[in-house]
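Each reported figure results from applying straightforward, stated rules to the coordinates on display, with no laboratory input. None of these values were measured; they are calculated from a predicted model. Cβ: placed from backbone, ideal geometry, glycine included. Neighbour counts: every protein chain shown.
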Amino acid sequence: MAESWMFREFCPVGVDLGSAEAVEGYDLNQGTDQARDRALLQRLGVGPGVRLIDLACGTGSFVVEAALAGAEAHGVDVSEQMLRYTLRRADAAGVTVALHHAGFLGYRHAGPSADVVTTKSALHQLPDFWKQTALLNIAGYLKPGGLLYIWDVIFTFPPAEYERHLRHFVDAFGRADGFTREDFETHIREEFSTYAWILEGMLDRAGFDIIGSDFPRPTHGELLCRRRHE
Ligand SMILES: C[S@@+](CC[C@H](N)C(=O)[O-])C[C@H]1O[C@@H](n2cnc3c(N)ncnc32)[C@H](O)[C@@H]1O
């Protein structure tokens, strides 16, 4: 039974992606970079025989690319609109993606454990307490030795310099013809992006070793982790 104190992940915070129009707009603004997606899938060793779960799959460009690479691909998202878009994209590409209407906290994977779990631009939807719960949940359906890849707005700037870095984040990324300044302001104000050192501590406590990290900007980066054999 769902406890009434559980975080309500079906009511995401921040920028509204709840309508079909918002989802179309998101896909346009986000853009797709097949070459980048393919390069990441290759780095993660994704191909035939690999079971990949993309959490918060959004409009599905990455999970569809995983299916095209031959993987057993699962897309999970709390938004039915996003899942519909992903289904259309998979159909257009002629591949099958298993779609699950669920979130980081509630998703239970039926069937054999995953080899690879990915999540891009989404873990920040959860407050830190619940990020830890989400990571524990992922560890429950990822094989020991399996890979977890996270890309997100993650902060690596010195905490005392936050104002300068957040101003730059809004100034540098907000555009008139894409994600706007207001989108990024909303992100900072209402969503839950956090410091890398907090995520790193959580990953350790959830049973992951961090085997690679890259923070190309002080506000963005990736963490590549391996589930420990415990
Ligand atoms: C910014 S989009 C990122 C989508 C995609 N991963 C990408 O890189 O384009 C965030 C996605 O997270 C989904 N989402 C929000 N909260 C979630 C949760 N608790 N569990 C799963 N998905 C969630 C939203 O519906 C949306 O599709």
Inset, instruction - Over the alpha-carbon set of segment 123-171, divide Rg by the Kirkwood Rh and report the Rg/Rh ratio to two decimals. - result: 1.11
Inset, instruction - Give me the number: length gained by fully extending residue 215 to residue 197, i.e. 0.36 nm times residue separation minus the C-alpha to C-alpha distance, one decimal in nm. - result: 5.3 nm
Legend entry - Estimated translational D of segment 55-131 in µm²/s (Stokes, Kirkwood radius over Cα pairs; 20 °C; 1.002 mPa s): 168
Inset, instruction - Give the peptides 18-31, 207-220, 59-72, 79-92 in descending order of average Cβ contacts within 10 Å, highest first. - result: 59-72, 79-92, 207-220, 18-31
Inset, instruction - Would you work out which of 78, 48, 126 lies farthest towards the positive end of the dipole of the chain, given +1 charges on the beta-carbon of Lys and Arg and -1 on that of Asp and Glu, about the Cα centre? - result: 48
Legend entry - Evaluated at q = 0.16 Å⁻¹: base-10 log I(q)/I(0), Debye formula over Cα of segment 141-230: -0.70
Legend entry - segment 51-90, Rg to Rh (Cα coordinates; Rh as Kirkwood inverse mean 1/r): 0.93
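Could you list 198, 138 in order of exposure, starting from the residue whose Cβ has the fewest other Cβ atoms within 10 Å?
Listed from fewest to most nearby Cβ atoms, that is 198, 138.
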Legend entry - Relative contact order (%) - segment 79-225, alpha-carbon pairs under 8 angstrom, separation at least six: 26
Legend entry - Residue order, fewest to most beta carbons within 10 Å, for 131, 120: 120, 131
Inset, instruction - Sort all Cα-Cα distances of segment 1-148 into consecutive 5 angstrom bins from zero, then give the percent of pairs in each bin up to the one containing the longest distance. - result: 2, 10, 19, 23, 21, 15, 8, 2, 0
Legend entry - Length released on extending from residue 165 to residue 143, taking residue separation times 0.36 nm less the Cα-Cα span: 4.2 nm
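As a footprinting exposure proxy, order 225, 11 by other Cβ within 10 Å, with the fewest listed first.
Working: 225 27, 11 8.
By the 10 Å Cβ count, ascending: 11, 225.
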Legend entry - Dimensionless Rg/Rh of segment 86-177 - Kirkwood Rh, Rg from C-alpha atoms: 1.06
Legend entry - Mean ellipticity per residue at 222 nm, deg cm²/dmol - from DSSP H runs of n ≥ 4 across the chain, formula -39500 (n - 2.57): -12000 deg cm²/dmol
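To the nearest 0.05, what FRET efficiency results for residue 204 and residue 92 with a Förster distance of 45 Å applied to their C-beta separation?
0.65
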Legend entry - Full-stretch length increase - residue 229, residue 186 - with 0.36 nm per residue and alpha-carbon distance subtracted: 11.5 nm
